[in-house]
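Student: Have a look at the structure that comes next, please.
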Amino acid sequence: MCGGEQGAEGLDWREGIVPVSRRFDDPYFSLADGLAETRHVFLEGNGLPGRLRDGFHVAELGFGTGLNLLALWLAWQGAGAPGGLRFTSFEAYPLRAEEMARALAAFPEAAAVARPFLAQWGAGARVIDLPGLRAEVVIGDARETLPAWGGVADAWFLDGFSPAKNPELWSDDLMAAVAAHTAQGGTFATYTAAGHVRRALAAAGFAVERRPGHGRKRHMTAGHLAERRE
Ligand SMILES: C[S@@+](CC[C@H](N)C(=O)[O-])C[C@H]1O[C@@H](n2cnc3c(N)ncnc32)[C@H](O)[C@@H]1O
């Protein structure tokens with residue numbers, strides 16, 4: 001199922017700045033500095049920016065506000081390496097550009113570079129070209145769109161809503177599809193340390209590690225593909 005444009009009626013705003021999905025009753029990012037959490041969990045958790053190089057492909061479950069994309073783009077710009085990155089994200093309920101802009105306004109560093117992304121997104125583009133980075137957002141339920149995807153990623157950001165509230169984005173089958181779309185030596189990272197998610201990722205072929213979480217969260221999970229499953 002694909003919900004189409006979610007629109008403002010799908011969001012509440014916690015403390016006026018953090019978007020909360022009514023459908024999932026969960027925030028898009030942490031109240032305690034979502035950009036710092038993205039850097040800790042998704043970038044460092046995948047060994048980034050150190051592994052970034054021309055042609056490196058990052059994939060994500062749950063595009064949301066585009067904050068993770070912009071954090072990756074900032075890291076790539078900071079790395080100053082030649083060439084370009086690729087980013088593919090899977091999203092069932094795309095936000096409107098004005099909702100994204102309101103959410104991103106809480107992070108001045110990301111907001112400062114968001115304009116070219118928001119302009120293309122607002123014009124209906126789902127392949128977004130930024131200097132040094134081409135991003136594609138695949139619209140639809142990831143349980144259908146990821147198995148049909150022809151690509152492989154070097155690093156995965158697993159960023160669904162919490163497994164308790166959004167179990168379909170953490171299922172055994174979907175974690176197996178993540179592994180099947182991971183390059184040799186590829187990695188994943190996620191903020192959750194839920195045991196069933198770690199077990200699903202291990203069963204899919206990842207070597208799974210529990211690591212210190214961000215802020216008050218004790219643990220997160222990261223890992224690398226131990227065994228390529230065909
Ligand atoms: C925590 S938010 C992602 C935050 C995002 N990475 C960011 O940078 O703002 C989780 C996202 O997963 C999406 N989602 C939930 N279930 C999904 C599904 N079955 N398929 C694809 N996307 C889904 C939600 O619409 C939401 O945008």
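Student: Based on alpha-carbon atoms only, what is the radius of gyration of the range 32-76 relative to the globular estimate 2.2 N^0.38 Å?
Tutor: That ratio works out to 1.09.
Student: Tell me which of 195, 207, 160 sits at the most positive position along the dipole axis of the range 149-207, charges placed on C-beta atoms (Lys, Arg +1; Asp, Glu -1).
Tutor: 195
Student: Would you mind classifying the chain by shape? Square roots of the alpha carbon gyration tensor eigenvalues, ordered a ≥ b ≥ c; an a/c under 1.5 is rounded, otherwise it is prolate if a/b is larger than b/c and oblate if not.
Tutor: Since a/c stays below 1.5, the shape of the chain is classed as rounded.
Student: Find which of 225, 137, 103 sits farthest along the positive direction of the dipole of the range 99-230, computed with +1 on the beta-carbon of Lys and Arg, -1 on that of Asp and Glu, about the Cα centre.
Tutor: 103
Student: Please express the shape of the range 73-189 as an equivalent ellipsoid: the semi-axes are the square roots of 5 times the eigenvalues of the C-alpha gyration tensor, given largest first in whole angstrom.
Tutor: 24, 19, 14
Student: Taking the C-alpha atoms of the range 13-110, how large are the radius of gyration and the largest Cα-Cα span, Dmax, in Å?
Tutor: Over the range 13-110's Cα set, Rg and Dmax evaluate to 13.8, 42 Å.
Student: Please report the antiparallel percentage of DSSP beta bridges with both residues in the chain, rounded to the nearest 5.
Tutor: 50
Student: Continuing with the same structure: How would 74, 133 line up by accessible area, probe 1.4 Å, largest first?
Tutor: 74, 133
Student: Where q = 0.22, 0.26, 0.31, 0.32 Å⁻¹, what log10 of I(q)/I(0) comes from the Debye formula for the range 188-230, counting one point per Cα?
Tutor: For the range 188-230, the Cα-only Debye profile gives -0.65, -0.83, -1.06, -1.11.
The values are calculated or read from the model by the stated rules, or taken from the named source; none is laboratory data. It should be emphasised that the depicted structure is a prediction, and the values quoted were computed from it without experimental measurement. A quick note on method: Cβ atoms are made from the backbone with ideal geometry, for glycine too, and the neighbour counts reach across all protein chains shown. All accessible areas refer to the heavy atoms of the entire protein, side chains included, with ligands and DNA or RNA removed. Shrake-Rupley method; radii C 1.70, N 1.55, O 1.52, S 1.80 Å.
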